[in-house]
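FYI, it's all coordinate maths here, none of it is from the lab. For clarity, every value in this text was computed on a predicted model and none was experimentally measured. In this analysis, Cβ positions are derived from the backbone assuming ideal geometry, glycine residues included, and neighbour counts consider all displayed protein chains.
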């Protein structure tokens, strides 16, 4: 699984918005991907 797929699966139950933003800062997710994941919450 990719980081994006994991984030979609585990957010928000196990991965908070702060965790998603940390992945963006680390270059593992794009800002667009993060917005899509957080929109689904």
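Structural remarks
- Nitroxide proxy distance, nm - points 7 Å out along Cα→Cβ at residue 25 and residue 10: 1.7
- Taking the chain and dividing mean pair separation by its residue count, relative contact order in percent (alpha carbons under 8 Å, at least six apart): 46
- Relative frequency of Cα-Cα separations exceeding 14 Å in the chain, percent: 31
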